[in-house]
1. Looking at segment 154-182 only, could you name the residues that are out of contact with any strand residue (DSSP E or B) (no Cβ under 7 Å at 6 or more places or on another chain) and free of Cβ contacts under 8 Å to residues at least 12 places away in the same chain?
2. Inside segment 140-156, can you point out the residues that are over 16 Å from residue 216 (Cα atoms) and under 29 Å from the mean Cα position of the chain (by Cα)?
3. Being basic (Lys, Arg) and farther than 15 Å from residue 217 by Cα is the filter; apply it to segment 157-207 and report the residue that is surrounded by the most Cβ atoms within 10 Å (Cβ to Cβ).
4. Of these, 116, 102, 127, which one is assigned to a helix (DSSP H, G or I), at pLDDT 85 or above, hydrophobic (A, V, I, L, M, F, W, C) and surrounded by fewer than 11 Cβ atoms within 10 Å (Cβ to Cβ)?
5. Tell me, which helices (runs of 4 or more DSSP H) wholly within segment 130-221 include 1 or more residues that are farther than 24 Å from residue 95 by Cβ and modelled with pLDDT of 85 or more?
6. Could you say which residue among 59, 29 is modelled with pLDDT of 85 or more and closer than 18 Å to residue 126 by Cα?
7. Out of the residues in segment 1-19 meeting the condition of being among the aliphatic types (A, V, I, L, M) and out of contact with any helix residue (DSSP H, G or I) (no Cβ under 6 Å at 6 or more places or on another chain), tell me which one is modelled with the highest pLDDT.
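The values are calculated or read from the model by the stated rules, or taken from the named source; none is laboratory data. Remember, predicted model here, so these are calculated numbers, not experimental data. Glycine also receives a Cβ, built like all others from the backbone with ideal geometry; neighbour counts cover every protein chain displayed.
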Amino acid sequence: MPDWLLDSLHENVILRTDEMFLRLAAAFVLGCIAAGVYRLTTHDNRTPGFLGTLVLLSVLMAVLTIVIGNSLARAFSLVGSMAIIRFRSVVENTRDTAFVMLAVVCGMACGSGYVLAAVAAIPLVFLGSWLFRPRVEAAAEAGQLLILRLGTASGAEQKVQALLKERGLNSRLAGLETARGGAALDVRFVIPTLTAHAALDLVAELNRIEGVQGVELKDDI
């Protein structure tokens, strides 16, 4: 076996304690900055948990990078261990995914000692996310996404459409999908943006319709 491959399997990087804490602190600060950029450029009131996740990801990736060092064997073992982790929440917005990658990159950069690379990237990320940030007015004009699960043999589709027409909601069919082996149908409508009170009333009325098995109303479409 070549010497360079043997070295990659066993080589350890000696890192001073003060330097390690400095890298972790830098990862924490950059993670907070990444979360701040997301908060400043995103009009969403449901973000506190996601902001904390960005900071944690940055710090954890820094720790992971420090632990791996230059050891190829350690890298494979840690990747295998991390593969068993599963997340119940799916990041549906591609923009949110980009910020998750930013937190990961910041953590890896700090853990490997390339802090300046992450520092130099953050202003560019901020500029791009600010220039192309979602507009509140555009989101309001786009409307809300109404997701219904209907029994296929219940005839609830006509009742739902009649209720939406009765409330004066100009709905637009956004998608159809079968569920539960064809026993149910997931229907997506785009409707005008409702106030909190109107949304609660609409969901309550839809739930009272026979054949409606589930109702979900989302702001982001």
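1. Across segment 154-182, the qualifying residues are 158, 161, 162, 165, 166, 168, 180, 181.
2. Once the filter is applied, which keeps residues that are over 16 Å from residue 216 (Cα atoms) and under 29 Å from the mean Cα position of the chain (by Cα), segment 140-156 yields 140, 141, 142.
3. Going residue by residue through segment 157-207, those that are basic (Lys, Arg) are 159, 165, 167, 172, 180, 188.
Narrowing further to those that are farther than 15 Å from residue 217 by Cα: 159, 165, 167, 180.
Details: 159: 17, 165: 11, 167: 15, 180: 12.
That would be 159.
4. Values: 102 fails: surrounded by fewer than 11 Cβ atoms within 10 Å (Cβ to Cβ); 127 fails: surrounded by fewer than 11 Cβ atoms within 10 Å (Cβ to Cβ).
The match here is 116.
5. Values: elements: 136-142, 156-166, 196-207.
In segment 130-221, the matching helices (runs of 4 or more DSSP H) lie at 156-166, 196-207.
6. Details: 59 fails: closer than 18 Å to residue 126 by Cα.
Among 59, 29, only 29 is modelled with pLDDT of 85 or more and closer than 18 Å to residue 126 by Cα.
7. Going residue by residue through segment 1-19, those that are among the aliphatic types (A, V, I, L, M) are 1, 5-6, 9, 13-15.
Filter once more, so that each one left must be out of contact with any helix residue (DSSP H, G or I) (no Cβ under 6 Å at 6 or more places or on another chain): 1, 5-6, 13-15.
Details: 1: 49, 5: 45, 6: 49, 13: 56, 14: 65, 15: 69.
Result: 15.
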